[in-house]
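J.: Take this structure first; my questions come after.
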Amino acid sequence: MVDAIKARPDVVHYRSSRMESKPHFYGASSMESLFPMALNGAPSEGIEAMRIAIEKVETLERETDMPAFASLYDVTGADVDVARYLSGEPENMINYQLVDTPRAGRIINLVVSVTTSHKTATSAIRERGIQIVALALAIEKIGFQVELWTDGLLSEMPGVRPGRQARIRTRIKGPGEMMDPGRIVYAFTHASYFRGLGLAAMHLLPEPWHGPLRVGGSYGRPAGGKDDTREYPEGTVFIPSFEGSASKAANLVTEKLHELGIL
């Protein structure tokens, strides 16, 4: 996506001219300043945001009963404790206590709508994003693999012919891949991911979409509702778009873990 936007100097110039007057709102002062973050993530911000997310997971562990595999010694088991075996201990085998398997499969697809209106503060985007990072960490800490997607669905403005929509989907992390703090934190907590990169990408849509979606103007309206999982695998965990205060996402981690049957 970055290469496609860079190949359109007119788009880069136009979007940069909009961004330079409100760098805090857009998360960057120009397209050129956000390209490195889009390609490499936001390492410095990622470390701090990841630290906060880890603290949230640790707090959750203290306050709730999260499932875990407890090891115990017995005369039979899955693994051998060599030190106990050599010392003559009869209970030298390690077994693992079984726990109920949550309803979800071993791979959990987590899709996050990143579209939001102009009413949403940059700080609210960041706070909600930290909750999402904490949710992903909690799922993986339990032992599942998580696949992370951002979803940007925009619809025509009211009063315009209904039905025209545009969607930009990006896979941020595949199942089995290591967590890249900079990349994940940038996608979910940084205002420039949608307000900079996402809005610029809309200029790459076919020309017939530009008018109905008001590309170059208001850029349509967020349309990432709860029922918007038709294009994703069954059982996908979808986090809808939001606007306003991040308090709406304050209980996001526990709510989604309950939804998955983990808590």
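J.: Which members of segment 1-29 meet the condition of being part of a loop (DSSP other than H, G, I, E, B) and buried (at least 19 other Cβ atoms within 10 Å of the Cβ)? Reasoning before the result, please.
T.: Of all residues in segment 1-29, those part of a loop (DSSP other than H, G, I, E, B) come to 1, 7-8, 20-22, 27-29.
Across segment 1-29, the qualifying residues are 27, 28.
J.: Does residue 207 qualify as being modelled with pLDDT of 90 or more and over 27 Å from residue 57 (Cβ atoms)? Let's see the steps before the verdict.
T.: Working: modelled with pLDDT of 90 or more: yes; over 27 Å from residue 57 (Cβ atoms): yes.
Spelling it out, residue 207 is indeed modelled with pLDDT of 90 or more and over 27 Å from residue 57 (Cβ atoms).
J.: Here are the criteria: (1) at pLDDT 70 or above; (2) of a type outside the set (Val, Ile, Thr); (3) surrounded by 11 or more Cβ atoms within 10 Å (Cβ to Cβ). Tell me which single one residue 88 does not satisfy.
T.: (3)
J.: Follow-up. Here is a list of conditions, (1) of a type outside the set (D, E, K, R); (2) in contact with a helix residue (DSSP H, G or I) (Cβ under 8 Å, 6 or more places away or on another chain); (3) modelled with pLDDT of 65 or more, and residue 93 meets all of them except one; can you say which number that is?
T.: Every listed condition holds for residue 93 apart from (2).
J.: A further question follows. Quickly run through segment 117-136 and pick out the residues that are surrounded by fewer than 18 Cβ atoms within 10 Å (Cβ to Cβ) and of a type in the set (A, V, I, L, M, F, W, C).
T.: Hit for segment 117-136 is 121, nothing else.
Yes/no per residue for (1) polar (S, T, N, Q); (2) modelled with pLDDT under 90:
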residue: 178; (1), (2): no, yes
residue: 190; (1), (2): no, no
residue: 194; (1), (2): no, no
residue: 230; (1), (2): no, yes
residue: 233; (1), (2): no, yes
residue: 237; (1), (2): no, yes
residue: 241; (1), (2): yes, yes
residue: 247; (1), (2): yes, yes
residue: 259; (1), (2): no, yes
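The values are calculated or read from the model by the stated rules, or taken from the named source; none is laboratory data. Here the structure is a predicted model, which is why all the values come from computation and not from measurement. Positions of Cβ are backbone-derived with ideal geometry, glycine not excepted, and every protein chain shown enters the neighbour counts.
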